[in-house]
Amino acid sequence: MSISYFRPRRPGPELRIEDAVVAQLDALFGERVCHWWLGASVPIGAGRPDFVAVSYEQRLSALANIQTNGLLLAYLRGVREARLKTIVSRLGQPCRNIERELSALRDIDAVWEREPGIYSISPSWRGVLRGIVAIEAKVGDWKRAVQQAARNRIFANKSYVALPCKTAERVATSPMFQELGIGIISVDEGGSAKIISMATPQATRVWLYYFRLASLVAQESPKQQWPTLSQSTMPANNFLASTL
């Protein structure tokens, strides 16, 4: 599993919660039936979630060397097919740029050209991300964590808050979680993490965020991994090596 950190870790009690979630990601969200990527403070949606865990198909790695912001794939995912002229008009980008990206995406079988000038997304790429899980970690102010987790639902298939065990058990019966579809991860003093309330799964709502994440995962998954606590003051986008 590759883990990418997008800004320096902030010293504080949340680090214990974060490390517990990182160390037990597979146990929390299932066996490795596919590939996992974990990003911390990922700039996606309306903020920077503490964690975004993405399970993805191996074919996604082919996207690593293609310059894309996800907009073209998102547009094609939302329509059955489209002519080049229509794509250029809808995306508001120069035709030559669209043609260049379409050509690159065709080379990796992400896009098909059914007829000359008529394009569609490949069926195998329609679900290249198998799941997106967002997690917010908090020691205090659990209501703020819930607000952040609710915001994350605009792009995540499941959204969780990770809380200390006593807090998690105390607030688990709050109707707020069920109403918003937010799940709860409980972390005890020994660093053991478990899900005590499942998040309500939902389908992808914004394809642009979906394929921006896909591009990000493809680019970052071969890179280095989660920094240790002693490296928490390193600058953002400095990916540090460790293996879970």
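The values are calculated or read from the model by the stated rules, or taken from the named source; none is laboratory data. All values reported here derive from a predicted model rather than from experimental measurement. Cβ coordinates were reconstructed from backbone atoms using ideal geometry, including for glycine residues, and neighbour counts include every protein chain displayed.
Key figures for this structure:
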quantity: Count - residues of region 30-80 that are closer than 22 Å to Arg205 by Cβ and over 14 Å from the mean Cα position of the chain (by Cα); calculated: 14
quantity: Qualifying residue in region 199-220 (condition: more than 30 Å from Ala104 (Cα to Cα), of a type in the set (Gly, Ala, Ser) and either surrounded by 16 or more Cβ atoms within 10 Å (Cβ to Cβ) or modelled with pLDDT of 95 or more (or both)); calculated: yes
quantity: Where a residue in region 164-185 is under 23 Å from Ala20 (Cα atoms) and among the aliphatic types (A, V, I, L, M) and its partner, wherever it lies, is assigned to a helix (DSSP H, G or I) and modelled with pLDDT under 95, with Cβ under 6 Å and at least six apart; calculated: Val171/Trp142
quantity: Phe155 vs. criteria crowded, with 21+ Cβ neighbours inside 10 Å, outside the structural domain of Ile108 (by TED's automatic domain parsing), at pLDDT 90 or above and part of a loop (DSSP other than H, G, I, E, B); calculated: yes
quantity: Single condition Ser124 does not satisfy, out of (1) crowded, with 21+ Cβ neighbours inside 10 Å; (2) of a type in the set (S, T, N, Q); (3) out of contact with any Gly (no Cβ under 6 Å at 6 or more places or on another chain); calculated: (1)
quantity: Qualifying residue in region 138-146 (condition: of a type in the set (Gly, Ala, Ser), touching a residue at least 24 places away in the same chain (Cβ under 8 Å) and surrounded by 14 or more Cβ atoms within 10 Å (Cβ to Cβ)); calculated: no
quantity: Conditions (1) at pLDDT 95 or above; (2) among the acidic types (Asp, Glu); (3) surrounded by 13 or more Cβ atoms within 10 Å (Cβ to Cβ); (4) out of contact with any Ser or Thr (no Cβ under 6 Å at 6 or more places or on another chain); number of the one not met by Glu81; calculated: (4)
quantity: Boolean, Ala27 is exposed (fewer than 14 other Cβ atoms within 10 Å of the Cβ), modelled with pLDDT under 95, under 23 Å from the mean Cα position of the chain (by Cα) and among the hydrophobic types (A, V, I, L, M, F, W, C); calculated: yes
quantity: Residue list for region 34-78, restricted to those being aliphatic (A, V, I, L, M) and either touching a Lys or Arg at 6+ places or on another chain (Cβ under 6 Å) or surrounded by fewer than 15 Cβ atoms within 10 Å (Cβ to Cβ) (or both); calculated: Ala46, Ala64
quantity: Selection status of Val88, surrounded by 13 or more Cβ atoms within 10 Å (Cβ to Cβ), farther than 25 Å from Val217 by Cα and among the β-branched types (Val, Ile, Thr); calculated: yes
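Yes or no, residue by residue, for (1) assigned to a helix (DSSP H, G or I); (2) under 23 Å from Leu25 (Cβ atoms); (3) among the charged types (D, E, K, R); (4) not assigned by TED's automatic domain parsing to the domain that holds Trp36:
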{"site": "Ser89", "(1), (2), (3), (4)": "yes, no, no, yes"}
{"site": "Arg100", "(1), (2), (3), (4)": "yes, no, yes, yes"}
{"site": "Leu105", "(1), (2), (3), (4)": "yes, no, no, yes"}
{"site": "Trp112", "(1), (2), (3), (4)": "no, no, no, yes"}
{"site": "Val146", "(1), (2), (3), (4)": "yes, yes, no, no"}
{"site": "Phe177", "(1), (2), (3), (4)": "yes, yes, no, yes"}
